[in-house]
Amino acid sequence: MKITVVGTGYVGLVTGTCFAETGNQVTCVDIDVNKVNKLSAGQITIYEPGLEKLFERNLKEGRLNFTTDLEKGISEAKVIFLALPTPPGEDGSADLSYILGVSEKLGPMLKDYKVIVDKSTVPVGTADKVHAAIAKNAKVEFDVVSNPEFLREGVAVEDFMKPDRVVIGTQSEKARKVMGDLYAPFVRQGNPIIYMDEKSAELTKYAANSFLATKISFMNEIAILCEKLGADVDMVRRGIGSDDRIGKRFLFPGIGYGGSCFPKDVQALVKSSQEVSYSFRILDAVMDVNEKQKLFLLPKVNAYFSNNLKGKHFALWGLAFKPNTDDIREAPALYIIDALVNAGATVSVFDPEAMPNVKGVIGDKVAYAENQYATLENADALIIATEWSVFRTPDFDKIGSSLKHKVIFDGRNLFDVAHMQELGFHYESVGRLP
Ligand code: UGA
């Protein structure tokens, strides 16, 4: 099938590449000339494990093309995916100007039947707005479908190629058939394509992310309670997770969720609720808990250093909001850095992928180390903010002999508490018994 993906950001590039991988002819359109030139020349613009190999192969074999020319890009396509940004506006609601702007342009360009697909996370009712924006100037038949993505950064290729489910929101039989054919190769293991109306599909995306965020904030509060009551959150997590109704996944407490999706989507659903005079109280609490959780380690650090961080130097491992990505949006590490620096401390950081991005945002506010051990030089303590695999089995002798105080504040519960005690560390983590 010939398809076009408008917007070559994270979602667009993964979507375009993965559709090319199943034999489709894909054209990706973007207004950013530099980006299109780079991508056409074979330079990938995002870090996503496994993507580069597919990208290079499909580019070489001519199934993947890039252009800035929207009209040319869509002329032969049967399906046009809109994978455009929907940044939060000042009031937290999603800004639809990119999507509606492109939709208006599409109208007069359509020469034959096309399926236009909202791939971006958009508020309920957007498919209708996109339909209206295209219809203003369209002379041919078209359908607008809501097909939200459920990709996790770091495993996006796997999530795309083997999705738990595909949600397709449309009331048009014709569009349903086209979308079903397109996704058939991805659901061969029997995972479902769930067809529904457009609004339900749009809400499914927000409900999924908000529910997952709720699970995390819930566990973070259980972890706080564990510390106060003398229980161990690892035990409680395992105790509840083996109940199928609760599930084992997404029950790990830490220093809060970050990234470009959960914070934005929870906020947008709260905002959408307000617009229909409903107050989504659980989500207010989810956001509130998460804000506080980002600085969960700070009182522990303060207590250890008798509330005086002035002149102290910290090693910080992990900057990305989670492992296997260079994404630092809403990353807890940035909040920790701010708090430490404001308290008069200095920080030396290491992250396997995210350091250039952090440097771009906070410059020389911190020192950037060449590797994780180089951060330890002259450091009073080690703080861990992201659970990169490379941090999981470190050289504890090296850590112990480099740090001025043998103390680790671990926001991701990487190490066994008893083992750390045996090694003579003062070890603080999230919700576990010392
Ligand atoms: C999330 C969803 O998982 C995807 O399904 C969705 O498509 C995507 O948002 C999106 O809307 O585009 P992502 O933001 O890449 O994906 O990250 P996750 O792996 O879901 O992690 C989100 C945050 O939750 C991270 O900060 C992580 O550290 C935190 N987390 C996750 C926990 O604190 N505990 C857990 O048990 C799991």
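The values are calculated or read from the model by the stated rules, or taken from the named source; none is laboratory data. Note that the coordinates shown come from a computational prediction; the quantities given were computed from them, not determined experimentally. Quick reminder, even Gly has a Cβ in these numbers, built from the backbone with ideal geometry, and neighbours come from all protein chains shown.
List the number of the failed condition for Lys205; all other conditions in (1) of a type outside the set (A, V, I, L, M); (2) within 13 Å of the ligand (Cβ to nearest atom); (3) out of contact with any Ser or Thr (no Cβ under 6 Å at 6 or more places or on another chain) hold. Among (1) of a type outside the set (A, V, I, L, M); (2) within 13 Å of the ligand (Cβ to nearest atom); (3) out of contact with any Ser or Thr (no Cβ under 6 Å at 6 or more places or on another chain), the lone unmet condition for Lys205 is (3). If Ser260 satisfies every condition in (1) of a type in the set (Ser, Thr, Tyr); (2) surrounded by fewer than 14 Cβ atoms within 10 Å (Cβ to Cβ); (3) within 12 Å of the ligand (Cβ to nearest atom) but one, which is the exception? Tallying (1) of a type in the set (Ser, Thr, Tyr); (2) surrounded by fewer than 14 Cβ atoms within 10 Å (Cβ to Cβ); (3) within 12 Å of the ligand (Cβ to nearest atom), Ser260 fails exactly one: (2).
Looking at region 152-161, is at least one residue crowded, with 19+ Cβ neighbours inside 10 Å, assigned to a strand (DSSP E or B) and within 16 Å of the ligand (Cβ to nearest atom)? There is no residue in region 152-161 that is crowded, with 19+ Cβ neighbours inside 10 Å, assigned to a strand (DSSP E or B) and within 16 Å of the ligand (Cβ to nearest atom).
Among the residues in region 284-297, are any touching a strand residue (DSSP E or B) at 6+ places or on another chain (Cβ under 8 Å) and more than 25 Å from Phe160 (Cβ to Cβ)?
Our first condition is that a residue be touching a strand residue (DSSP E or B) at 6+ places or on another chain (Cβ under 8 Å); within region 284-297, this holds for 297.
This time we only want the ones that are more than 25 Å from Phe160 (Cβ to Cβ), so: 297.
There is at least one residue in region 284-297 that is touching a strand residue (DSSP E or B) at 6+ places or on another chain (Cβ under 8 Å) and more than 25 Å from Phe160 (Cβ to Cβ).
Scanning region 288-321 for residues that are within 16 Å of the ligand (Cβ to nearest atom), farther than 17 Å from Ala223 by Cβ and surrounded by fewer than 21 Cβ atoms within 10 Å (Cβ to Cβ) yields nothing. Entry remark, region 1-46: residues being modelled with pLDDT under 95, of a type in the set (Ser, Thr, Tyr) and within 16 Å of the ligand (Cβ to nearest atom) number 1 in total.
In region 108-128, the qualifying residues are those that are more than 18 Å from the chain's Cα centre (by Cα), within 16 Å of the ligand (Cβ to nearest atom) and of a type in the set (A, V, I, L, M, F, W, C), and the one that is surrounded by the fewest Cβ atoms within 10 Å (Cβ to Cβ) is Val124.
Any chance you could count how many residues in region 61-120 are under 18 Å from Val140 (Cβ atoms), outside any loop (DSSP other than H, G, I, E, B) and of a type outside the set (A, V, I, L, M)? Selection size over region 61-120: 10.
Just wondering, is there one or more residues in region 314-337 that are of a type in the set (Asp, Glu) and either closer than 19 Å to His405 by Cβ or without any contact (Cβ under 8 Å) to a residue 24 or more places away in the chain (or both)? Steps first, please.
First pass over region 314-337, keeping only residues of a type in the set (Asp, Glu): 326-327, 330.
Checking which are either closer than 19 Å to His405 by Cβ or without any contact (Cβ under 8 Å) to a residue 24 or more places away in the chain (or both) leaves us with none.
Scanning region 314-337 turns up no residue that is of a type in the set (Asp, Glu) and either closer than 19 Å to His405 by Cβ or without any contact (Cβ under 8 Å) to a residue 24 or more places away in the chain (or both).
Number of residues in region 336-361 that are out of contact with any Leu (no Cβ under 6 Å at 6 or more places or on another chain), at pLDDT 95 or above and within 16 Å of the ligand (Cβ to nearest atom) equals 3. One residue stands out among those in region 275-287 that are modelled with pLDDT of 95 or more and in a helix (DSSP H, G or I): the one that is surrounded by the fewest Cβ atoms within 10 Å (Cβ to Cβ), which is Arg281. Kindly indicate whether any position in region 211-219 is crowded, with 16+ Cβ neighbours inside 10 Å, within 10 Å of the ligand (Cβ to nearest atom) and without any contact (Cβ under 8 Å) to a residue 24 or more places away in the chain. Taking every residue of region 211-219 in turn, none turns out to be crowded, with 16+ Cβ neighbours inside 10 Å, within 10 Å of the ligand (Cβ to nearest atom) and without any contact (Cβ under 8 Å) to a residue 24 or more places away in the chain.
All conditions but one from (1) touching a helix residue (DSSP H, G or I) at 6+ places or on another chain (Cβ under 8 Å); (2) touching a residue at least 40 places away in the same chain (Cβ under 8 Å); (3) in a loop (DSSP other than H, G, I, E, B) apply to Gly259; the one that does not is (1).
Taken over region 239-257, the residue count meeting the criterion of being over 18 Å from Asp410 (Cα atoms) and either surrounded by 14 or more Cβ atoms within 10 Å (Cβ to Cβ) or away from the ligand (no atom under 11 Å from the Cβ) (or both) is 9.
Residues that are among the aromatic types (Phe, Trp, Tyr) and over 24 Å from Tyr206 (Cβ atoms) are absent from region 78-100 altogether.
Any residue that is more than 23 Å from the chain's Cα centre (by Cα) and farther than 30 Å from Thr45 by Cα - is there at least one of those in region 252-272? Taking every residue of region 252-272 in turn, none turns out to be more than 23 Å from the chain's Cα centre (by Cα) and farther than 30 Å from Thr45 by Cα. Taken over region 28-59, the criterion of being under 19 Å from Thr4 (Cβ atoms), touching a residue at least 40 places away in the same chain (Cβ under 8 Å) and touching an Asp or Glu at 6+ places or on another chain (Cβ under 8 Å) is satisfied by Val29, Leu54, Asn58. Condition first: more than 15 Å from Ala83 (Cβ to Cβ), in contact with a strand residue (DSSP E or B) (Cβ under 8 Å, 6 or more places away or on another chain) and not charged (D, E, K, R). Now tell me which residues in region 95-118 satisfy that. Answer for region 95-118, where residues must be more than 15 Å from Ala83 (Cβ to Cβ), in contact with a strand residue (DSSP E or B) (Cβ under 8 Å, 6 or more places away or on another chain) and not charged (D, E, K, R): Leu110, Tyr113. With respect to Asp364, is the statement that it is closer than 16 Å to Leu403 by Cα and modelled with pLDDT of 95 or more true? No: the conditions fail for Asp364. Within region 135-146, the set of residues being in contact with a helix residue (DSSP H, G or I) (Cβ under 8 Å, 6 or more places away or on another chain), surrounded by fewer than 24 Cβ atoms within 10 Å (Cβ to Cβ) and closer than 22 Å to Asp197 by Cα comprises Ala135, Phe142, Asp143.
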